[in-house]
Amino acid sequence: MFNGFFGVFSSQKPPYLKESQIFKMGDFCQIHVRDKKLPTVIVFTSVGVRKGKFKPYKSVFEANANLIFVNDVGDNWYLKGIRGVGSGWKSSARAIVEKARSIGNGKVMTLGSSMGAYGAFLYGAFGSADICVGFGTEFALDLPGSRSEKFKPKHVSLRSESLMTYFESSKAKFYLYVGETDETDLYSSLPVLKLKNFNCFSVRGAQHPGIHAFEQQFGLGKFIDMALYNPNSLETFDKKGDILQRADLIRDLWVADSIKRSGNVRAYLDFLVSFKSSYSDNSVYLFKLGEAYCRINEIEKGVATLKKSLELDPLQHRCYNMIGFALKRVEDFEQAKGYFIKAVELSPKDARPHYNLGLLYTDLGQYDLSREHLEAAVRLGPSVRDYTDALFELDSLTGTPEVLEEIAEA
(Lines give C-alpha, C1' and ligand atoms only; values in the text may rest on other atoms or scores of the structure.)
Protein backbone atom coordinates (compact mmCIF):
# COMPACT_ATOMS: atom_id res chain seq x y z
CA MET A 1 0.00 0.00 0.00
CA PHE A 2 1.07 3.58 -0.61
CA ASN A 3 1.47 6.07 2.21
CA GLY A 4 1.69 9.86 2.30
CA PHE A 5 -0.47 11.76 -0.17
CA PHE A 6 -1.74 8.58 -1.86
CA GLY A 7 -5.12 7.27 -0.82
CA VAL A 8 -6.76 3.98 -1.74
CA PHE A 9 -9.51 4.44 -4.30
CA SER A 10 -12.23 2.37 -2.66
CA SER A 11 -15.11 2.42 -5.17
CA GLN A 12 -16.07 -0.91 -6.72
CA LYS A 13 -13.79 -1.86 -9.60
CA PRO A 14 -15.26 -2.67 -13.02
CA PRO A 15 -14.46 -6.18 -14.36
CA TYR A 16 -11.73 -4.93 -16.68
CA LEU A 17 -9.83 -3.48 -13.69
CA LYS A 18 -10.00 -6.59 -11.50
CA GLU A 19 -6.26 -7.24 -11.68
CA SER A 20 -5.27 -3.73 -10.61
CA GLN A 21 -4.76 -2.08 -7.26
CA ILE A 22 -6.23 1.38 -7.77
CA PHE A 23 -4.91 4.50 -6.04
CA LYS A 24 -5.49 8.18 -6.68
CA MET A 25 -3.91 11.56 -6.14
CA GLY A 26 -6.99 13.77 -6.00
CA ASP A 27 -9.34 13.97 -8.98
CA PHE A 28 -6.63 14.44 -11.59
CA CYS A 29 -4.41 11.37 -11.22
CA GLN A 30 -5.42 7.72 -10.95
CA ILE A 31 -2.90 4.89 -10.57
CA HIS A 32 -3.39 1.23 -11.45
CA VAL A 33 -0.71 -1.09 -10.10
CA ARG A 34 -0.58 -4.59 -11.59
CA ASP A 35 2.92 -5.94 -10.92
CA LYS A 36 6.24 -4.54 -9.76
CA LYS A 37 7.93 -6.39 -12.65
CA LEU A 38 5.97 -4.47 -15.30
CA PRO A 39 6.81 -1.12 -16.95
CA THR A 40 4.50 1.82 -16.36
CA VAL A 41 2.57 3.93 -18.86
CA ILE A 42 1.48 7.48 -18.01
CA VAL A 43 -1.63 8.31 -20.08
CA PHE A 44 -2.29 12.03 -20.62
CA THR A 45 -5.93 12.97 -21.14
CA SER A 46 -7.02 14.98 -24.18
CA VAL A 47 -8.95 18.26 -24.17
CA GLY A 48 -12.40 18.84 -22.66
CA VAL A 49 -12.61 15.87 -20.24
CA ARG A 50 -14.23 16.68 -16.92
CA LYS A 51 -12.73 16.25 -13.46
CA GLY A 52 -12.39 12.66 -12.34
CA LYS A 53 -12.45 11.29 -15.90
CA PHE A 54 -9.63 10.29 -18.24
CA LYS A 55 -9.31 9.73 -21.99
CA PRO A 56 -8.23 7.32 -23.39
CA TYR A 57 -9.20 4.98 -20.56
CA LYS A 58 -10.81 1.55 -21.08
CA SER A 59 -9.00 0.96 -24.37
CA VAL A 60 -5.55 0.87 -22.72
CA PHE A 61 -6.26 -1.78 -20.09
CA GLU A 62 -5.23 -4.63 -22.36
CA ALA A 63 -1.65 -3.34 -22.16
CA ASN A 64 0.82 -5.45 -20.21
CA ALA A 65 1.81 -2.56 -17.94
CA ASN A 66 1.04 -0.57 -14.85
CA LEU A 67 -1.02 2.51 -15.70
CA ILE A 68 -1.16 6.10 -14.48
CA PHE A 69 -3.91 8.36 -15.82
CA VAL A 70 -3.63 12.14 -15.54
CA ASN A 71 -5.92 14.99 -16.54
CA ASP A 72 -5.75 18.76 -17.01
CA VAL A 73 -9.32 19.92 -16.58
CA GLY A 74 -8.48 23.56 -17.25
CA ASP A 75 -7.22 22.67 -20.75
CA ASN A 76 -3.93 24.36 -19.92
CA TRP A 77 -1.94 21.96 -22.12
CA TYR A 78 -0.46 20.66 -18.84
CA LEU A 79 1.54 23.89 -18.49
CA LYS A 80 0.12 24.67 -15.04
CA GLY A 81 0.98 21.21 -13.76
CA ILE A 82 -1.25 18.39 -12.56
CA ARG A 83 -3.26 19.37 -9.52
CA GLY A 84 -2.31 17.22 -6.54
CA VAL A 85 0.91 16.05 -8.18
CA GLY A 86 3.06 19.17 -8.40
CA SER A 87 2.96 22.94 -8.05
CA GLY A 88 3.79 23.55 -11.71
CA TRP A 89 4.54 21.58 -14.84
CA LYS A 90 8.22 21.00 -14.02
CA SER A 91 7.59 19.62 -10.55
CA SER A 92 4.61 17.63 -11.86
CA ALA A 93 6.73 16.12 -14.63
CA ARG A 94 9.43 15.01 -12.22
CA ALA A 95 6.95 13.70 -9.65
CA ILE A 96 4.77 11.70 -12.02
CA VAL A 97 7.69 10.04 -13.84
CA GLU A 98 9.40 9.22 -10.54
CA LYS A 99 6.19 7.68 -9.23
CA ALA A 100 5.83 5.69 -12.44
CA ARG A 101 9.35 4.29 -11.98
CA SER A 102 8.70 3.41 -8.35
CA ILE A 103 5.58 1.30 -8.91
CA GLY A 104 7.06 -0.84 -11.69
CA ASN A 105 10.33 -2.14 -13.07
CA GLY A 106 11.69 1.36 -13.71
CA LYS A 107 10.77 1.69 -17.40
CA VAL A 108 8.35 4.55 -18.12
CA MET A 109 6.36 5.43 -21.22
CA THR A 110 4.19 8.53 -21.72
CA LEU A 111 1.21 8.47 -24.10
CA GLY A 112 -1.39 10.97 -25.29
CA SER A 113 -3.29 12.46 -28.20
CA SER A 114 -3.89 16.13 -29.08
CA MET A 115 -3.45 18.14 -25.85
CA GLY A 116 -2.54 14.88 -24.14
CA ALA A 117 0.28 14.32 -26.61
CA TYR A 118 1.72 17.74 -25.75
CA GLY A 119 1.74 16.73 -22.10
CA ALA A 120 3.20 13.32 -22.90
CA PHE A 121 6.08 14.82 -24.89
CA LEU A 122 6.79 17.71 -22.52
CA TYR A 123 6.60 15.71 -19.29
CA GLY A 124 8.36 12.74 -20.83
CA ALA A 125 11.26 14.90 -21.97
CA PHE A 126 11.62 16.95 -18.78
CA GLY A 127 10.84 14.10 -16.39
CA SER A 128 13.21 11.68 -18.17
CA ALA A 129 10.80 9.00 -19.39
CA ASP A 130 12.17 6.25 -21.63
CA ILE A 131 9.71 6.47 -24.52
CA CYS A 132 7.08 9.06 -25.44
CA VAL A 133 4.28 8.41 -27.94
CA GLY A 134 1.81 11.02 -29.16
CA PHE A 135 -0.84 11.54 -31.81
CA GLY A 136 -1.65 14.84 -33.49
CA THR A 137 -0.29 17.63 -31.31
CA GLU A 138 1.06 21.18 -31.60
CA PHE A 139 4.56 22.27 -30.68
CA ALA A 140 4.10 25.99 -31.45
CA LEU A 141 1.03 26.92 -29.43
CA ASP A 142 -1.73 29.37 -30.36
CA LEU A 143 -1.26 29.26 -34.14
CA PRO A 144 -4.29 30.71 -35.97
CA GLY A 145 -7.03 28.11 -36.22
CA SER A 146 -5.24 25.65 -33.95
CA ARG A 147 -6.86 23.73 -31.12
CA SER A 148 -4.65 25.42 -28.52
CA GLU A 149 -5.82 28.81 -29.80
CA LYS A 150 -9.42 27.67 -29.47
CA PHE A 151 -9.32 25.91 -26.10
CA LYS A 152 -6.23 26.94 -24.12
CA PRO A 153 -6.23 30.04 -21.88
CA LYS A 154 -4.20 32.73 -23.65
CA HIS A 155 -1.98 33.54 -20.67
CA VAL A 156 -0.65 29.97 -20.47
CA SER A 157 2.13 29.21 -22.94
CA LEU A 158 5.62 27.86 -23.55
CA ARG A 159 7.90 28.99 -26.35
CA SER A 160 8.51 26.41 -29.05
CA GLU A 161 12.27 27.06 -28.83
CA SER A 162 12.26 26.02 -25.16
CA LEU A 163 10.31 22.89 -25.97
CA MET A 164 12.78 21.91 -28.69
CA THR A 165 15.64 22.36 -26.20
CA TYR A 166 13.99 19.93 -23.79
CA PHE A 167 13.53 17.43 -26.60
CA GLU A 168 17.09 17.73 -27.84
CA SER A 169 18.58 17.21 -24.38
CA SER A 170 16.32 14.27 -23.55
CA LYS A 171 17.47 10.64 -23.71
CA ALA A 172 13.92 9.49 -24.45
CA LYS A 173 12.78 8.12 -27.79
CA PHE A 174 9.86 10.06 -29.26
CA TYR A 175 7.23 8.74 -31.65
CA LEU A 176 4.82 11.21 -33.27
CA TYR A 177 1.89 10.24 -35.50
CA VAL A 178 -0.18 12.79 -37.44
CA GLY A 179 -3.26 12.42 -39.63
CA GLU A 180 -2.54 13.36 -43.24
CA THR A 181 -5.78 15.31 -43.72
CA ASP A 182 -5.23 17.72 -40.81
CA GLU A 183 -3.26 20.78 -41.88
CA THR A 184 -2.65 21.98 -38.32
CA ASP A 185 -1.14 18.68 -37.20
CA LEU A 186 1.00 18.40 -40.32
CA TYR A 187 2.31 21.95 -40.04
CA SER A 188 2.90 21.58 -36.30
CA SER A 189 5.10 18.54 -36.89
CA LEU A 190 7.67 20.43 -38.99
CA PRO A 191 9.89 21.64 -36.08
CA VAL A 192 10.58 18.10 -34.80
CA LEU A 193 11.24 16.42 -38.15
CA LYS A 194 14.92 17.37 -37.91
CA LEU A 195 15.42 16.10 -34.34
CA LYS A 196 17.45 12.89 -34.12
CA ASN A 197 15.45 11.36 -31.28
CA PHE A 198 12.06 12.03 -32.93
CA ASN A 199 10.44 9.40 -35.16
CA CYS A 200 7.62 11.04 -37.11
CA PHE A 201 4.98 9.29 -39.20
CA SER A 202 1.89 10.38 -41.08
CA VAL A 203 -1.30 8.31 -41.13
CA ARG A 204 -2.99 8.04 -44.53
CA GLY A 205 -6.58 9.17 -44.73
CA ALA A 206 -6.67 10.01 -41.01
CA GLN A 207 -8.09 13.10 -39.37
CA HIS A 208 -7.00 14.59 -36.05
CA PRO A 209 -5.50 13.10 -33.97
CA GLY A 210 -4.88 9.86 -35.90
CA ILE A 211 -5.08 7.42 -32.99
CA HIS A 212 -8.15 5.58 -34.33
CA ALA A 213 -6.11 3.97 -37.10
CA PHE A 214 -4.04 2.16 -34.46
CA GLU A 215 -7.06 1.23 -32.39
CA GLN A 216 -8.53 -0.36 -35.53
CA GLN A 217 -5.40 -2.21 -36.63
CA PHE A 218 -3.90 -3.32 -33.32
CA GLY A 219 -6.06 -2.28 -30.41
CA LEU A 220 -4.55 0.37 -28.16
CA GLY A 221 -3.41 -2.12 -25.55
CA LYS A 222 -1.41 -4.14 -28.08
CA PHE A 223 0.00 -0.94 -29.57
CA ILE A 224 1.28 0.07 -26.12
CA ASP A 225 2.89 -3.34 -25.71
CA MET A 226 4.63 -2.87 -29.07
CA ALA A 227 6.02 0.46 -27.87
CA LEU A 228 7.23 -0.99 -24.58
CA TYR A 229 8.65 -4.31 -25.74
CA ASN A 230 9.46 -3.85 -29.44
CA PRO A 231 9.58 -0.12 -30.30
CA ASN A 232 10.99 -0.73 -33.78
CA SER A 233 7.62 -2.27 -34.68
CA LEU A 234 6.01 1.17 -34.27
CA GLU A 235 7.43 2.11 -37.64
CA THR A 236 5.28 -0.42 -39.51
CA PHE A 237 1.50 -0.01 -39.81
CA ASP A 238 -1.11 -0.34 -42.54
CA LYS A 239 -1.83 3.34 -43.09
CA LYS A 240 1.73 4.67 -43.02
CA GLY A 241 2.08 7.70 -45.31
CA ASP A 242 4.90 9.77 -46.75
CA ILE A 243 3.61 13.36 -46.80
CA LEU A 244 6.06 14.39 -44.06
CA GLN A 245 8.75 14.18 -46.73
CA ARG A 246 7.00 17.09 -48.51
CA ALA A 247 7.58 20.06 -46.20
CA ASP A 248 6.89 22.48 -49.06
CA LEU A 249 3.48 20.93 -49.67
CA ILE A 250 2.65 20.97 -45.96
CA ARG A 251 3.44 24.70 -45.73
CA ASP A 252 1.31 25.48 -48.78
CA LEU A 253 -1.60 23.41 -47.44
CA TRP A 254 -1.33 25.32 -44.16
CA VAL A 255 -1.57 28.66 -45.95
CA ALA A 256 -4.46 27.36 -48.06
CA ASP A 257 -6.30 26.26 -44.93
CA SER A 258 -5.78 29.73 -43.43
CA ILE A 259 -7.48 31.20 -46.50
CA LYS A 260 -10.29 28.65 -46.21
CA ARG A 261 -10.90 29.59 -42.57
CA SER A 262 -11.42 33.20 -43.67
CA GLY A 263 -14.52 32.02 -45.53
CA ASN A 264 -13.27 32.98 -48.99
CA VAL A 265 -13.71 29.64 -50.75
CA ARG A 266 -12.95 31.09 -54.19
CA ALA A 267 -9.59 32.45 -52.97
CA TYR A 268 -8.94 29.08 -51.32
CA LEU A 269 -9.52 27.32 -54.63
CA ASP A 270 -7.44 29.81 -56.60
CA PHE A 271 -4.52 29.37 -54.22
CA LEU A 272 -4.68 25.57 -54.47
CA VAL A 273 -4.86 25.73 -58.27
CA SER A 274 -1.77 27.98 -58.35
CA PHE A 275 0.53 25.10 -57.40
CA LYS A 276 -1.33 22.28 -59.13
CA SER A 277 1.64 21.47 -61.37
CA SER A 278 3.85 20.90 -58.33
CA TYR A 279 1.61 18.64 -56.26
CA SER A 280 -0.77 16.80 -58.60
CA ASP A 281 1.00 13.55 -57.71
CA ASN A 282 -0.15 13.79 -54.08
CA SER A 283 -3.46 12.34 -52.90
CA VAL A 284 -3.90 14.76 -49.98
CA TYR A 285 -3.45 17.79 -52.21
CA LEU A 286 -5.93 16.43 -54.78
CA PHE A 287 -8.47 15.79 -52.02
CA LYS A 288 -8.23 19.41 -50.87
CA LEU A 289 -8.47 20.65 -54.46
CA GLY A 290 -11.45 18.44 -55.27
CA GLU A 291 -13.20 19.52 -52.11
CA ALA A 292 -12.69 23.18 -53.05
CA TYR A 293 -14.21 22.61 -56.49
CA CYS A 294 -17.25 20.95 -54.93
CA ARG A 295 -17.75 23.77 -52.46
CA ILE A 296 -18.11 26.32 -55.26
CA ASN A 297 -20.49 23.93 -57.04
CA GLU A 298 -18.13 22.84 -59.82
CA ILE A 299 -19.32 19.31 -59.19
CA GLU A 300 -18.02 17.55 -62.29
CA LYS A 301 -14.50 18.93 -61.91
CA GLY A 302 -14.54 18.29 -58.18
CA VAL A 303 -15.64 14.66 -58.45
CA ALA A 304 -13.05 13.98 -61.17
CA THR A 305 -10.29 15.44 -58.97
CA LEU A 306 -11.43 13.48 -55.92
CA LYS A 307 -11.42 10.26 -57.93
CA LYS A 308 -7.81 10.97 -58.95
CA SER A 309 -7.00 11.34 -55.26
CA LEU A 310 -8.50 7.90 -54.60
CA GLU A 311 -6.50 6.39 -57.45
CA LEU A 312 -3.35 7.51 -55.64
CA ASP A 313 -4.58 6.47 -52.20
CA PRO A 314 -7.82 4.49 -51.72
CA LEU A 315 -7.66 5.08 -47.94
CA GLN A 316 -8.75 8.72 -48.26
CA HIS A 317 -12.14 8.14 -46.67
CA ARG A 318 -13.01 11.83 -46.75
CA CYS A 319 -12.77 11.68 -50.54
CA TYR A 320 -15.54 9.10 -50.56
CA ASN A 321 -17.61 11.28 -48.26
CA MET A 322 -17.08 14.39 -50.38
CA ILE A 323 -17.90 12.56 -53.62
CA GLY A 324 -21.08 11.28 -51.98
CA PHE A 325 -21.93 14.82 -50.86
CA ALA A 326 -21.40 16.17 -54.38
CA LEU A 327 -23.43 13.41 -56.05
CA LYS A 328 -26.27 13.88 -53.56
CA ARG A 329 -26.31 17.56 -54.47
CA VAL A 330 -27.02 16.64 -58.12
CA GLU A 331 -29.53 13.99 -56.95
CA ASP A 332 -27.54 10.94 -58.00
CA PHE A 333 -28.67 9.20 -54.83
CA GLU A 334 -27.66 5.62 -55.60
CA GLN A 335 -24.04 6.46 -56.41
CA ALA A 336 -23.91 8.88 -53.48
CA LYS A 337 -25.08 6.11 -51.13
CA GLY A 338 -22.26 3.83 -52.26
CA TYR A 339 -19.62 6.45 -51.58
CA PHE A 340 -21.03 7.30 -48.13
CA ILE A 341 -21.10 3.61 -47.20
CA LYS A 342 -17.47 3.24 -48.25
CA ALA A 343 -16.51 6.28 -46.13
CA VAL A 344 -18.23 4.74 -43.10
CA GLU A 345 -16.48 1.41 -43.67
CA LEU A 346 -13.06 3.06 -43.83
CA SER A 347 -13.58 5.34 -40.83
CA PRO A 348 -16.49 4.18 -38.64
CA LYS A 349 -15.65 6.71 -35.92
CA ASP A 350 -15.97 9.74 -38.20
CA ALA A 351 -19.39 11.29 -37.55
CA ARG A 352 -19.74 13.18 -40.85
CA PRO A 353 -20.22 10.21 -43.25
CA HIS A 354 -22.77 8.72 -40.82
CA TYR A 355 -24.62 12.04 -40.83
CA ASN A 356 -24.61 12.35 -44.61
CA LEU A 357 -25.69 8.74 -45.07
CA GLY A 358 -28.46 9.22 -42.51
CA LEU A 359 -29.76 12.27 -44.38
CA LEU A 360 -29.70 10.36 -47.65
CA TYR A 361 -31.68 7.46 -46.17
CA THR A 362 -34.21 9.98 -44.84
CA ASP A 363 -34.62 11.38 -48.36
CA LEU A 364 -35.10 7.83 -49.65
CA GLY A 365 -37.70 7.08 -46.98
CA GLN A 366 -35.56 4.33 -45.41
CA TYR A 367 -36.10 5.56 -41.87
CA ASP A 368 -34.65 2.63 -39.92
CA LEU A 369 -31.33 2.95 -41.74
CA SER A 370 -31.50 6.72 -41.37
CA ARG A 371 -31.94 6.40 -37.62
CA GLU A 372 -29.02 3.98 -37.32
CA HIS A 373 -26.58 6.41 -38.92
CA LEU A 374 -27.94 9.62 -37.41
CA GLU A 375 -27.74 8.10 -33.94
CA ALA A 376 -24.14 7.09 -34.70
CA ALA A 377 -23.37 10.68 -35.76
CA VAL A 378 -24.86 12.06 -32.54
CA ARG A 379 -22.87 9.60 -30.40
CA LEU A 380 -19.64 10.45 -32.20
CA GLY A 381 -20.31 14.20 -32.29
CA PRO A 382 -22.77 14.99 -29.49
CA SER A 383 -21.98 18.72 -29.51
CA VAL A 384 -22.71 19.21 -33.24
CA ARG A 385 -26.10 20.86 -33.60
CA ASP A 386 -26.66 19.66 -37.19
CA TYR A 387 -26.58 16.04 -36.07
CA THR A 388 -29.08 16.43 -33.24
CA ASP A 389 -31.34 18.60 -35.41
CA ALA A 390 -31.41 15.94 -38.13
CA LEU A 391 -32.38 13.30 -35.58
CA PHE A 392 -35.15 15.51 -34.20
CA GLU A 393 -36.48 16.00 -37.73
CA LEU A 394 -36.46 12.26 -38.27
CA ASP A 395 -38.32 11.82 -34.98
CA SER A 396 -41.00 14.21 -36.19
CA LEU A 397 -41.46 11.98 -39.24
CA THR A 398 -41.51 8.70 -37.34
CA GLY A 399 -43.03 9.75 -34.02
CA THR A 400 -40.24 8.55 -31.73
CA PRO A 401 -38.98 11.67 -29.89
CA GLU A 402 -37.60 9.66 -26.96
CA VAL A 403 -34.51 8.51 -28.85
CA LEU A 404 -32.40 11.57 -28.03
CA GLU A 405 -33.10 11.08 -24.32
CA GLU A 406 -31.82 7.49 -24.63
CA ILE A 407 -28.66 8.71 -26.38
CA ALA A 408 -28.07 11.38 -23.72
CA GLU A 409 -28.31 8.76 -20.97
CA ALA A 410 -25.97 6.28 -22.70
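The values are calculated or read from the model by the stated rules, or taken from the named source; none is laboratory data. Keep in mind the model is a prediction, meaning the values are calculated, not measured. We place every Cβ from the backbone using ideal geometry, glycine too, and count neighbours over all the protein chains shown.
Somewhere in region 271-293, is a residue under 30 Å from V41 (Cα atoms) and either surrounded by 13 or more Cβ atoms within 10 Å (Cβ to Cβ) or touching a Phe, Trp or Tyr at 6+ places or on another chain (Cβ under 7 Å) (or both)? The answer is no, given that none of the residues of region 271-293 is under 30 Å from V41 (Cα atoms) and either surrounded by 13 or more Cβ atoms within 10 Å (Cβ to Cβ) or touching a Phe, Trp or Tyr at 6+ places or on another chain (Cβ under 7 Å) (or both).
Considering only residues in region 152-186 that are assigned to a helix (DSSP H, G or I), under 15 Å from the mean Cα position of the chain (by Cα) and not aliphatic (A, V, I, L, M), the one that is nearest to Q316 (Cα to Cα) turns out to be E183.
Residues that are modelled with pLDDT under 95 and outside any loop (DSSP other than H, G, I, E, B) were ranked within region 201-213; the one that is nearest to K58 (Cα to Cα) is H212.
Let's see how each residue does on (1) without any contact (Cβ under 8 Å) to a residue 40 or more places away in the chain; (2) crowded, with 19+ Cβ neighbours inside 10 Å:
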| position | (1), (2) |
| --- | --- |
| S46 | no, yes |
| R50 | yes, no |
| N64 | no, no |
| I68 | yes, yes |
| I82 | no, yes |
| S87 | yes, no |
| A95 | yes, yes |
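Looking only at residues that are touching a residue at least 60 places away in the same chain (Cβ under 8 Å) and of a type in the set (F, W, Y) in region 119-151, which one is surrounded by the most Cβ atoms within 10 Å (Cβ to Cβ)? Per the stated criteria, the residue is Y123. Does at least one position in region 228-238 carry a residue that is farther than 15 Å from G112 by Cα, under 16 Å from the mean Cα position of the chain (by Cα) and not basic (K, R)? For region 228-238, residues farther than 15 Å from G112 by Cα, under 16 Å from the mean Cα position of the chain (by Cα) and not basic (K, R): absent.
Restricted to region 216-295, the set of helices (runs of 4 or more DSSP H) holding at least 2 residues that are more than 28 Å from K58 (Cα to Cα) comprises 247-261, 265-274, 276-279, 283-295.
Residues checked against (1) surrounded by fewer than 23 Cβ atoms within 10 Å (Cβ to Cβ); (2) of a type in the set (A, V, I, L, M); (3) part of a helix (DSSP H, G or I):
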residue	(1), (2), (3)
L306	no, yes, yes
P314	yes, no, no
K337	yes, no, yes
D389	yes, no, yes
